[in-house]
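Below: the structure, in C-alpha cells.
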Amino acid sequence: MEKLLIKGGKSLSGKISCSGAKNAALPMIAATILSDEKVILKNLPYLQDITTMFELLGSMGSEILLDENMDFTICSSNLQDIEARYELVKTMRASILVLGPLLAKYGKARIALPGGCAIGSRPVNFHLDALKQLGATISLRNGYIEASAEKLKGTNIKFDGITVTGTENLMMAASLATGTTILTNVAKEPEIADLADMLNSMGSDIQGAGTDKIIINGVDKLTGTTFDIPADRIEAGTYLAAAAVTKGNITIEGINPNRLMRVIEKLQNSGANIDCQENSISINMSLESPHPVDITTAPFPEFPTDMQAQFSVINAISSGTSNIYETVFENRFMHILELNRMGCDIEVKGNHAKINGVKSLYGAQVMATDLRASASLILAGLCANGETVVDRIYHIDRGYERIEEKLNYLGADIIRLPS
Ligand code: EPU
C-alpha cells in the first residue's frame, strides 16, 4: 500500500487552484442515466471515487469517452444491466445515487445495500421511504435493494431526516415522474443546487434547490447537456486549514467563498486573516499558535462535518481549550486516536471532543481511516516536528486530487512512497 512521507515544519505559501467537487460530480454522473443523449462533463476531478462511479455505469452498459481536453462524454442510452453490485457499492456508498435515476428511467433497480462504514452506520432508509412515496415498490433481499415502479408519481414528501444523497436521489427520480413533487426537510448543500442546475439544463423543471423546499414538475424525457463541475469547497477548506496550521499565506483560486462561509468565520476566529474575492480566498496566518475555536457540525449552511477533522488539528495546536461536537455522523472521531499519537491532547466522549492545545506535534507513523481523517493526518504531519508517515492513503486518493503535488507546490515536503 502506498504511503505519504511528510517532512514537517514548512510554512505554506503561494497560489493553487481548486479541483472539481467530488460530491457534485458523483450525483451528476448518476444523473446521466436519465437521458438517452450524450452528456459532457467538464472539470471532473481525477479521483478514485469518480473512477468507481464510471466503473459502475460502465458495468451497466453506459459508454464513457475521455477526450483530449479531459472532458468526459457519457451516453447511457443502452443500459442492459440495472444492478449495482456489492463489490462496487462496498468501496463507495455514493453508488446508491444510481437508484433514483434507474427507477425513474428503467422502472427497476437492484442495488447492493450499503453496510456501515468508518464514520457510522449510514443507513439509506430516508431514500427508500421517499421513493416508496413516489410509488416505488421496494424490498430488501440477499443484501440487495430491489426496487420497481411502473411509473413514478409526484407527491408531497417530507424527509424524516436531512440527507444529501437522499435529496439528490429524489430530485433525479422526480424529474421523470408524472406530476409535481414537493420535497421538504431537504438538504441545502451547494451540491444540491448544482445538481438541480445540471438537471434543469437537461430539461428538468426544478425550483428551490438550495432552500428548504424543492418543487419538481416531472417531464417526459431529458436531453443531453454540457456541464462544468463546480469547485470543491471541502478541498478548498482543507488547504485553508493547512495554511492555518503552518503559519502560511496562500490563495485558493476558482472557489466561490459563499460556499464556505462558516469555515471562513471559524478560520477568522482562530486568528487567520482572510481575504475573499468573487472567485478566490486568501489566508494569512501570522499567529504563533491559532486561537481555539468551538465547533458544532450540522447540515449546510452550518459547519460541515467534512471539515471537522481538519479543524481538530487547528485546535490541537491552539493556545487553549476547545470543544468539537459532531452531530452529523455517529463515529467520526477515528482520526483523534492517531492525532494523539502525534502529541495532541484530545479526549473523546461520544460525539464530543475536548481539545487541549499543545505547543507542538511530533512526527509518527499513522494510519488513515477515512477520507477526511487522512486529510487531518496530513495537516498534522505538515506542522509536526520531524517525519510523519501516513499509511492507507487510498482513502485520500478517493477525494483529493494530486494532494501531495498541490501541497508541495505551496512549499510542503511530501513524498509518495510506493507499496
Ligand atoms: N441518514 C439516515 N438515513 C438515510 C440517510 C442518512 O439515517 O437514509 C443519516 C446518516 O447516517 C448521517 C446523516 O443522516 O448520520 C447525514 O447523512 P447524509 O445522507 O446527508 O450523507 P450522505 O449523503 O451519505 C454526503 C456526502 C458526505 C458528507 C455528507 C454530509 C456525498 C457523496 N457524500 O453523504 O461526504 O459527509 O453528505 O454532508 O455527497 C466526504 O466527502 O468525505 C463525505 C463523507
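Below are the figures for this structure:
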| quantity | calculated |
| --- | --- |
| Gain upon complete extension [Thr327, Asp71; 0.36 nm per residue less C-alpha separation] | 88.4 nm |
| FRET efficiency, Ser139 to Gln207 (Cβ-Cβ, R0 30 Å, nearest 0.05) | 0.35 |
| Estimated distance in nm for a label pair at Met1 and Ile182, the labels positioned 7 Å out from Cα along Cα-to-Cβ | 5.0 |
| Where Glu405, Glu330 fall by accessible area, highest first, once all protein chains stay in place (1.4 Å) | Glu330, Glu405 |
| Whether segment 75-233 is rounded, prolate or oblate, judged on the alpha carbon gyration tensor where a/c under 1.5 counts as rounded | rounded |
| Two-site FRET efficiency, Lys15 against Tyr46, from Cβ-Cβ distance with R₀ of 25 Å, rounded to 0.05 | 0.80 |
| Whole-percent carbon and sulfur share, accessible surface of segment 22-228, 1.4 Å | 48 |
| Centroid-to-centroid separation of segment 1-34 and segment 267-310 [C-alpha atoms, Å] | 18 |
| Accessible area of the chain divided out per residue, in Å², using a probe of 1.4 angstrom | 39 |
| With Cα atoms, 0 to 90° folded angle of helix 233-245 axis to the chain main axis | 10 |
| Angle in degrees between helix 22-31 and the longest Cα principal axis of the chain, rounded to the nearest 10 | 10 |
| Anisotropy class of the chain from Cα gyration tensor, a/c 1.5 cut | prolate |
| Computed label-point distance, nm, for sites Asn125 and Thr91 using a 7 Å Cα→Cβ extension | 3.1 |
| Equivalent-ellipsoid semi-axes of segment 271-396, from the Cα gyration tensor, Å, largest first | 21, 18, 16 |
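The values are calculated or read from the model by the stated rules, or taken from the named source; none is laboratory data. If you're wondering where the values come from, they're calculated on a predicted model, not measured in any experiment. Glycine gets a Cβ as well: all are built from the backbone with ideal geometry, and neighbour counts include every protein chain shown. Accessible surface areas use protein heavy atoms only, side chains included; no ligands, DNA or RNA. Shrake-Rupley method; radii C 1.70, N 1.55, O 1.52, S 1.80 Å.
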